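Student: A single structure is presented below for examination.
Only the coordinates and a few stated rules stand behind these numbers; no lab work does. These numbers come from a predicted model, not from an experiment. So basically every Cβ, Gly included, is an ideal-geometry build from the backbone, and we count neighbours across all protein chains shown.
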């Protein structure tokens with residue numbers, strides 16, 4: 001929502017916007033919704049699907065990979081569907097993320113050749129289509145998305161369309177040295193606001209200082 005409201009939490013120039021006016025507008029909005037009982041976190045449910053299928057929530061926001069678990073765990077006769085994340089102030093934004101493919105520099109020449117061959121196999125058009133159809137994740141290649149066979153699959157499996165339709169408004173968080181530490185601090189700040197009722201101005205102010213220290217070392 002911060003991205004929809006006009007700024008990245010951390011810019012490509014490594015400027016932190018964790019307590020900026022635009023970030024605080026949406027942070028306070030979500031915080032107030034939780035305090036007023038208009039929204040809830042997944043809590044022990046972790047992903048939100050169990051609260052949804054048990055009728056405790058009208059909808060939930062989660063990864064497109066939730067499609068596969070919904071198909072497997074939803075009660076018989078339970079009717080459900082998917083839709084892109086709602087826009088904010090008329091702007092759309094959906095964060096794209098996933099697991100990493102890594103090649104270690106300490107690997108031998110043969111190991112590097114093998115790793116590269118495996119990476120090319122996993123990201124090939126044929127395999128990424130297969131992966132998307134079986135998991136609910138999105139294909140890694142534009143050619144795969146445009147593939148006639150995959151488009152035909154989407155027409156027959158409507159629940160998989162929302163994620164693909166969101167690709168045009170997709171973005172990735174800025175990567176930098178110390179990102180994992182920053183992400184853990186971000187999650188701690190969110191947890192502090194949602195479970196300990198820490199005021200956003202305090203939680204995000206602390207996060208801003210921690211992030212600036214991390215970014216100072218990253219530059």
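Student: What is the Å³ per residue value for the convex hull set by the Cα atoms of the range 109-168? Mind showing how you got there, number by number?
Tutor: Numbers: hull volume 4.8 nm³, N = 60.
In the range 109-168, the Cα hull volume divided by residue count equals 80 Å³.
Student: Fewest first, what order do 102, 190, 201 take by the number of other Cβ atoms within 10 Å? Intermediate values should be presented prior to the final figure.
Tutor: Working: 102 7, 190 18, 201 13.
Lowest to highest Cβ neighbour count: 102, 201, 190.
Student: Same structure again: Please give the direction-averaged projected area of the C-alpha convex hull for the range 146-203, in square nanometres with one decimal. Show your work: numbers first, answer last.
Tutor: On the way: hull surface 27.4 nm².
Mean projected area of the Cα convex hull: 6.8 nm².
Student: Next question. Please report 191, 168 as a ranked list, fewest other C-beta atoms within 10 angstrom at the top and most at the bottom. Let's see the in-between values first.
Tutor: Details: 191 13, 168 9.
Ordered by Cβ neighbours within 10 Å, fewest first: 168, 191.
Student: Calculate the FRET efficiency for residue 126 and residue 14 from the Cβ-Cβ distance with a Förster distance of 45 Å, rounded to the nearest 0.05.
Tutor: Working: r = 38 Å, r/R0 = 0.84.
For R0 = 45 Å, the calculated efficiency reads 0.75.
Student: Right, here's the next one. For every helix of n ≥ 4 consecutive DSSP H residues, a contribution of -39,500 (n - 2.57) applies; sum these over the chain, divide by its total residues, and give [θ] at 222 nm rounded to the nearest 500 deg cm²/dmol. List each step's numbers first, then the result.
Tutor: Details: 10 runs with 108 residues, N = 219.
Calculated mean residue ellipticity at 222 nm is -15000 deg cm²/dmol.
Student: Determine the gain in length on full extension of the stretch residue 199-residue 111; use 0.36 nm per residue of separation and subtract their C-alpha separation, reporting nm with one decimal.
Tutor: Details: separation 88, 0.36 × 88 = 31.68 nm, distance 5.03 nm.
The residue 199-residue 111 span can extend by a further 26.6 nm.
Student: Can you work out D for the chain in µm² s⁻¹ from Stokes-Einstein, where Rh is the Kirkwood radius over C-alpha pairs, the temperature is 10 °C and the viscosity is 1.306 mPa s? Provide the component values of the computation, followed by the final result.
Tutor: Values: Rh = 19.9 Å.
Approximately 80 µm²/s, per Stokes-Einstein.
Student: Given contacts defined as C-alpha pairs under 8 Å and at least six residues apart, what's the relative contact order of the range 109-168, whole-number percent?
Tutor: Details: 34 pairs, mean separation 13.8, N = 60.
Relative contact order, the range 109-168: 23 percent.
Student: If one computes the Cα centroid of the range 133-154 and of the range 155-184, what distance in Å separates the two points?
Tutor: 15 Å
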